[in-house]
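Structure, as structure tokens:
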Amino acid sequence: MKITNFEPEGFPIVLGGWSSGVVSLNSNAHMADGGFSALNFVQGITAEGSNMLARPISNFAAGSNIWLTLDAGPGNSIPSNTLRIHGQAGGGAAVISAGSNATRVREVSTAGASTTLWSPFDHAHDGIGTITSSSSNTMQRGTWNIRPGAGIALALTDSDGDGEFDTTTIVAAGAGSGSGGSDLVQTYSGGGSVYVPGLRGSPDAIQASPNAADEEFNGANSFSSTVGSLDTNNVSDFASYLHLKKTTSGTRIDGVYKASPAATGTITCKVSSIFSAANHAAGIVIGDSTPTAWATFMPIYVTVNAVYNASKWTNSTTRGTFTDVTLNPVYGPAAGWVYLRVIVNSATSIHCDYSRDGFLWTRTHSAYNPGLTMANYGVVVSAFGAVAIEGVFDWVRWSP
């Protein structure tokens, strides 16, 4: 049977969009236009060719963790003909978030483009966004490179212990060969700066490539073990110096030491001060693996001459054989300070040197037999009588 619907004027009504699906016509309904018209509803909706909606009017309801949106049809300003089904976690209203800018999400050089309403590729949370210096200089880019200038080095540290570098420290560095440091001397706040020519080449300047075994005593002391016992052992009495003191009776050595990087090598130190009394000494000590046996190289304070002593010790209070080298005129502790150096060649051979200025060295003991294999090294004070012994050390350095 063929059904034709006419409008009030008598013209046939074209029923567009009825070419497929289930067709259900209500041709006897009298409409407000005064005639009989066919109601043209959506009659067929399928999902993967299976689910069929046979009723002309159907309701779509969002289920658990599902929400629905309607897109506007062509030329329409209100949602009409496209239904979109979205999944969402949890339930409740859907929330779109690009993440928190308090956390470094990822590192990109440029943000990606997208044609969708919202895309995470349009938003790159790049961690550090602004770094200020004295409330003036501002870095606004997400990625910024910091480079040291002439005579400056940057040290990276992990201050919070989370395994990632988070702190940059600016330090002075030497230019060219030789010692590290800089000719620049910082004065009091607001006092400007002073350049001292030659300061960079001072033997007291921190080396351009310091050894991990070096100790400058700048607020710390890695020589954590003790030879004998000490009444004073700190780096706080004199800033950037190690202060050792022992009130003693008889011949003995007291000081600090740590493990040596190898059984051979060179130990150098600066003895900045020795208590000015007869038979007081301070200098370098090396020890065996126990450690029990020791060997020392120390200048001994005398009123006229400087005596450089190399000694073997069965323990810290028992001295064995020794060799003294007397120098005249005075070069050493009686003249102010002295640089000492022990070159360990083997278990049976060490060289002992001293220097008045840290540049040129004089050998006092050549191929001296210490009677031990070096496993520890450090600095000590010593005396030969019932007196208080005291010494101040500026630094101790190690080199292969």
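When you scan the range 248-312 for strands (runs of 3 or more DSSP E) that lie fully inside it, which ones turn up with 1 or more residues that are among the aromatic types (Phe, Trp, Tyr) and crowded, with 24+ Cβ neighbours inside 10 Å? The strands (runs of 3 or more DSSP E) meeting that bar are 294-300. The set of residues in the range 342-360 being outside any strand (DSSP E or B) and closer than 15 Å to ILE300 by Cα consists of ARG356 alone.
Taken over the range 207-225, the criterion of being over 18 Å from VAL271 (Cα atoms) and not in a loop (DSSP other than H, G, I, E, B) is satisfied by SER225 alone. For the range 193-203, filtered to residues that are part of a loop (DSSP other than H, G, I, E, B) and over 20 Å from GLY265 (Cα atoms), the residue that is nearest to the chain's Cα centre (by Cα) is SER202. Only one of the numbered conditions (1) among the charged types (D, E, K, R); (2) assigned to a strand (DSSP E or B); (3) closer than 29 Å to GLN207 by Cβ is not met by ARG319, and that is (3).
Of everything in the range 173-192 that is within 15 Å of ILE152 (Cβ to Cβ) and in a loop (DSSP other than H, G, I, E, B), the residue that is modelled with the highest pLDDT is ASP183. Taken over the range 223-236, the criterion of being surrounded by 13 or more Cβ atoms within 10 Å (Cβ to Cβ) and farther than 27 Å from THR314 by Cβ is satisfied by ASN234, VAL235. Selection over the range 210-248 of residues that are under 22 Å from SER399 (Cα atoms), hydrophobic (A, V, I, L, M, F, W, C) and either at pLDDT 95 or above or touching a strand residue (DSSP E or B) at 6+ places or on another chain (Cβ under 6 Å) (or both) gives a count of 4.
Set side by side, the residues ALA282, ALA277 differ, and just one is over 18 Å from HIS365 (Cβ atoms), more than 35 Å from the chain's Cα centre (by Cα), modelled with pLDDT under 95 and not hydroxyl-bearing (Ser, Thr, Tyr), which is ALA277.
The values are calculated or read from the model by the stated rules, or taken from the named source; none is laboratory data. Since the model is a prediction, treat every value here as computed from it, not as a measurement. So basically every Cβ, Gly included, is an ideal-geometry build from the backbone, and we count neighbours across all protein chains shown.
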